[in-house]
Amino acid sequence: MSSAVAIPLLVVVVGFVAGCLTAVVRDGPPRYLPKWAWALVICAAVPWGGVAYLAFGRTRRPGIPLETLAPVQPHDPGGPPAVTLAPPPLAHRRPSAGPVAIEVSGLTKRYGAVIAVDGLSFAVQPGKVTGFLGPNGAGKTTTMRVILGLDSPTGGTALIAGKRYRDIIRPLHEIGSLLDATAVHRGRTAWFHLLALARSNGIGQQRVHEVLRMTGLEPAAGRRVGEFSLGMTQRLGIAAALLADPAVLLLDEPVNGLDLEGVRWIRQLLTHLAAEGRTVLVSSHLMSEMAMIADHLIIIGRGRLLADTPAAEFVSRARRDVLVKSPRAAELAALATARGATAGPDDSGGLAITGMDAPGIGELAAAHGIAVHELVPRHASLEDAYLDLTSGSADYHFEPAEGVALR
Amino acid sequence: MTARLARARDALAFEWTKLQSVRSNRWTLVAAVIVTLGITVVIAESLASAPANRPAPFDPLTASFLGYAEYTVLPVTVLGVLVFTSEYASGLIRTTFTAVPRRGSVLAAKAVVTGAAALVVGEVLAVTCFLLTQAIVAGRHGGLSLSHPGVPGAIAAVGLALAACALVGVAAGAIARHTAGAIAAALAVVYLLALLCMFLPDPWNTRLGRFTMPFAAYQVVSLHPRAGLLSPAISVVVLVAWPAIALLAAAAELRRRDA
């Protein structure tokens with residue numbers, strides 16, 4: 001029997017009994033109450049005892065040592081005190097079920113006429129940091145919400161260790177997630193926020209202390225979240241994601257709003273977690289951020305997969321060309337094209353040649369007696385490679401302001 | 001079965017911890033209790049000062065719960081509404097659903113915790129209001145004792161009615177998601193439908209009105225239930241049916257929609 005049926009039923013039973021009581025008491029002394037009615041009354045009274053026990057018997061005062069409740073320095077902008085990166089003991093951590101931790105196949109999500117995710121398939125492997133990249137509106141967050149069972153897909157599946165999120169019992173033990181760190185009740189203290197989450201998945205109070213210590217929030221545990229800086233709120237979100245020591249982590253834009261120290265802290269933490277064999281999927285719209293930490297990249301645009309590749313390979317595949325400046329550029333271009341390269345005018349007024357290396361072009365020019373004033377081999381940065389890949393798929397393009405080059 | 005039990009216990013502990021760790025919830029209840037007692041005293045005083053040779057303006061049992069009916073229902077219903085809407089407003093609901101992915105379990109746990117809290121507060125208030133009123137009117141009209149026929153049943157039903165209102169609030173919050181809309185919907189069920197029925201032409205005002213929560217509640221808290229309305233036992237069923245139907249609708253809605 002599902003709980004959604006059980007509860008109204010319980011209420012109905014209790015109501016019926018109360019009705020019997022009312023009628024019986026009104027119509028005469030209780031000695032006329034038949035035996036079965038008393039039995040019913042007793043049966044209905046028992047579950048409320050259990051509810052009362054759960055409600056009042058299990059709650060103790062928070063076990064925060066007094067000194068940790070001391071207020072954080074008044075001007076603390078969220079910069080934490082010394083942060084311990086040492087992970088908690090992992091003895092009770094279950095090894096991940098297989099080589100693939102998160103598997104998304106043929107995922108489609110449509111909101112009315114808008115297709116947010118369009119036939120997306122990828123797999124996330126354990127032991128490395130996987131960057132989930134795409135311009136704003138590419139469908140990253142939607143994909144993550146479907147993985148977490150928050151939105152139901154229009155088509156396709158998203159599995160964690162072979163299971164749908166909704167079928168996982170005590171899911172925080174399998175996958176920790178951070179979608180929006182500010183999605184916290186502002187009137188609740190950090191301690192109680194984490195304690196409630198811990199209780200929802202049968203996690204002990206000790207672990208709440210541990211994650212508070214790991215994220216450097218212990219001194220602020222007794223403060224209400226509404227008083228937190230953005231950085232501290234972000235740390236609280238990370239603490240919640242790490243609460244059950246999960247083998248899989250899913251973080252949506254975790255560095256948004258963090259100061260430099262916080263960004264570095266997250267970077268180290270994620271690298272560290274991946275090195276322990278966990279699966280880490282981090283979304284971002286900033287390639288520069290991913291370049292620092294990701295081992296593997298999954299890039300999407302307009303809900304479709306654009307690239308699923310090791311980060312190093314992505315860089316090496318990036319555009320390379322040679323900038324040439326020569327008074328007889330047109331002749332050189334024709335010669336290079338004849339040898340299978342492509343040549344075109346460059347923004348800087350020179351010639352951009354792709355498909356030949358610099359020595360080759362130099363030899364070619366020398367063989368035909370063409371003077372070369374400049375010969376510069378160029379590597380596109382990771383950022384450029386990313387922009388090349390996604391420029392066709394961004395939902396909103398910026399018009400460069402006059403005189404300002406955006407790229 | 002053990003796994004199921006553990007899951008239910010987890011969900012209940014989760015919701016209880018959330019409910020009792022927000023200061024405003026506690027203060028709302030404390031304020032509701034204090035104001036209720038105040039109103040009850042005022043009503044009892046006016047009853048006690050009525051001339052002894054004229055019939056009392058109210059049934060002394062009903063009078064015990066007038067303050068309760070007029071006022072307490074409001075903050076408790078709103079508290080029930082906020083159980084869901086505060087989470088939707090902050091986005092916390094998504095964290096809740098990632099911790100407990102079964103929507104039905106979340107709704108059930110919230111309903112049990114909120115209903116139980118309202119029931120406890122309701123029963124304590126019912127007994128207190130009754131004793132307070134009877135102590136004040138005792139000198140003038142002769143108060144009722146707790147063992148007077150009809151009194152225990154009425155007190156039990158009053159607590160139940162408060163829990164029912166809180167649960168209507170919970171269901172409205174889950175369906176409407178926005179605080180203002182949910183409060184409007186919940187109060188429509190709890191108060192306004194009855195008010196509307198009272199303005200209908202004669203046979204229809206009671207014929208429809210008896211199925212609303214306030215009419216049903218009136219029947220279970222008066223010494224002499226009115227003819228033409230439902231019997232007290234059926235009225236209790238009415239009081240229970242409203243939140244039960246609302247919660248079933250909420251369960252269907254939570255399952256169907258994205259968080």
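Remarks
- Candidates A:ARG278, A:ARG304, filtered to the one that is basic (Lys, Arg), out of contact with any His (no Cβ under 9 Å at 6 or more places or on another chain), open to solvent by less than 30 Å² (accessible area, probe 1.4 Å) and modelled with pLDDT of 85 or more: A:ARG278
- Among the residues of segment A:337-375, those that are among the hydrophobic types (A, V, I, L, M, F, W, C) and either open to solvent by 80 Å² or more (accessible area, probe 1.4 Å) or free of Cβ contacts under 8 Å to residues at least 12 places away in the same chain (or both) comprise A:ALA338, A:ALA343, A:ALA366, A:ALA367.
- Filter pass, B:GLY153 being more than 9 Å from chain A (Cβ to nearest Cβ) and either buried (at least 21 other Cβ atoms within 10 Å of the Cβ) or not charged (D, E, K, R) (or both): no
- Residue match in segment A:162-185 (condition: of a type in the set (Lys, Arg) and open to solvent by less than 50 Å² (accessible area, probe 1.4 Å)): no
- Checking the stated criteria, B:TRP204 turns out to be farther than 29 Å from B:ALA108 by Cβ, part of a helix (DSSP H, G or I), in contact with a helix residue (DSSP H, G or I) (Cβ under 9 Å, 6 or more places away or on another chain) and open to solvent by 50 Å² or more (accessible area, probe 1.4 Å).
- Of all residues making up segment B:198-224, the number that are within 19 Å of B:VAL73 (Cα to Cα) and either touching a strand residue (DSSP E or B) at 6+ places or on another chain (Cβ under 7 Å) or not hydroxyl-bearing (Ser, Thr, Tyr) (or both): 11
- For A:ALA401, the requirement of being open to solvent by 50 Å² or more (accessible area, probe 1.4 Å) and modelled with pLDDT of 85 or more is not met.
- With respect to the conditions (1) within 23 Å of the chain's Cα centre (by Cα); (2) without any contact (Cβ under 8 Å) to a residue 24 or more places away in the chain; (3) open to solvent by less than 10 Å² (accessible area, probe 1.4 Å), B:LEU92 lacks only one, and its number is (1).
- Hey, A:GLY216 within 14 Å of chain B (Cβ to nearest Cβ) and surrounded by fewer than 24 Cβ atoms within 10 Å (Cβ to Cβ) or not: no
- Condition broken by B:CYS165, with the remaining ones in (1) within 20 Å of B:ALA109 (Cα to Cα); (2) under 14 Å from the mean Cα position of the chain (by Cα); (3) open to solvent by 50 Å² or more (accessible area, probe 1.4 Å) satisfied: (3)
- Residue in segment A:117-132 that is within 14 Å of chain B (Cβ to nearest Cβ), within 19 Å of B:ARG94 (Cβ to Cβ) and open to solvent by 10 Å² or more (accessible area, probe 1.4 Å) present: no
- Note on segment B:137-190: residues that are within 18 Å of B:LEU82 (Cα to Cα) and either part of a helix (DSSP H, G or I) or modelled with pLDDT under 90 (or both) amount to 27.
- Residue within segment B:17-30 that is of a type in the set (Val, Ile, Thr), out of contact with any Pro (no Cβ under 6 Å at 6 or more places or on another chain), within 11 Å of chain A (Cβ to nearest Cβ) and in a helix (DSSP H, G or I) present: yes
- Qualifying residue in segment B:240-252 (condition: crowded, with 22+ Cβ neighbours inside 10 Å and not in a helix (DSSP H, G or I)): no
- Any hit, segment B:67-74, residues being more than 7 Å from chain A (Cβ to nearest Cβ), open to solvent by 20 Å² or more (accessible area, probe 1.4 Å) and in contact with a helix residue (DSSP H, G or I) (Cβ under 6 Å, 6 or more places away or on another chain): yes
- Taken over segment B:182-201, the criterion of being touching a residue at least 40 places away in the same chain (Cβ under 8 Å), under 19 Å from B:GLY67 (Cα atoms) and either small (Gly, Ala, Ser) or open to solvent by 50 Å² or more (accessible area, probe 1.4 Å) (or both) is satisfied by B:TYR191 alone.
- Out of A:ARG166, A:ARG110, one residue alone is in the same structural domain as A:ALA244 (by TED's automatic domain parsing), in a strand (DSSP E or B), modelled with pLDDT of 90 or more and more than 15 Å from the chain's Cα centre (by Cα). It is A:ARG110.
- Single residue of segment A:219-237 satisfying the filter (part of a helix (DSSP H, G or I) and aliphatic (A, V, I, L, M)) that is most open to solvent (accessible area, probe 1.4 Å): A:LEU230
- Selection from segment A:171-181 of residues that are facing chain B (nearest Cβ under 7 Å) and assigned to a loop (DSSP other than H, G, I, E, B): A:LEU179, A:ASP180
- Check on A:LEU194, within 20 Å of the chain's Cα centre (by Cα), crowded, with 22+ Cβ neighbours inside 10 Å, in contact (Cβ under 8 Å) with a residue 24 or more places away in the chain and in the same structural domain as A:ILE266 (by TED's automatic domain parsing): yes
- Those strands (runs of 3 or more DSSP E) lying entirely in segment A:238-332 with at least 3 residues in contact (Cβ under 8 Å) with a residue 12 or more places away in the chain and either farther than 30 Å from A:TYR165 by Cα or within 14 Å of chain B (Cβ to nearest Cβ) (or both): A:248-252, A:320-325
Rundown of residues vs (1) free of Cβ contacts under 8 Å to residues at least 24 places away in the same chain; (2) under 21 Å from B:LEU239 (Cα atoms); (3) open to solvent by 10 Å² or more (accessible area, probe 1.4 Å), yes/no style:
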position: B:VAL78; (1), (2), (3): no, yes, yes
position: B:VAL81; (1), (2), (3): no, yes, no
position: B:THR85; (1), (2), (3): no, no, no
position: B:ALA99; (1), (2), (3): no, no, no
position: B:GLY104; (1), (2), (3): no, no, no
position: B:ALA111; (1), (2), (3): no, yes, no
position: B:CYS129; (1), (2), (3): no, yes, no
position: B:SER147; (1), (2), (3): yes, no, yes
position: B:GLY173; (1), (2), (3): no, yes, no
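- Residue check, B:VAL189 aliphatic (A, V, I, L, M), within 17 Å of the chain's Cα centre (by Cα) and within 24 Å of B:VAL127 (Cβ to Cβ): no
The values are calculated or read from the model by the stated rules, or taken from the named source; none is laboratory data. Just so we're clear, the structure is a prediction, and the values are computed from it rather than from any experiment. Note that we place each Cβ from the backbone using ideal geometry, even for glycine, and neighbour counts take in every protein chain shown. Calculation scope for accessible area: heavy atoms of the full protein, side chains included, ligands and nucleic acids excluded. Shrake-Rupley method; radii C 1.70, N 1.55, O 1.52, S 1.80 Å.
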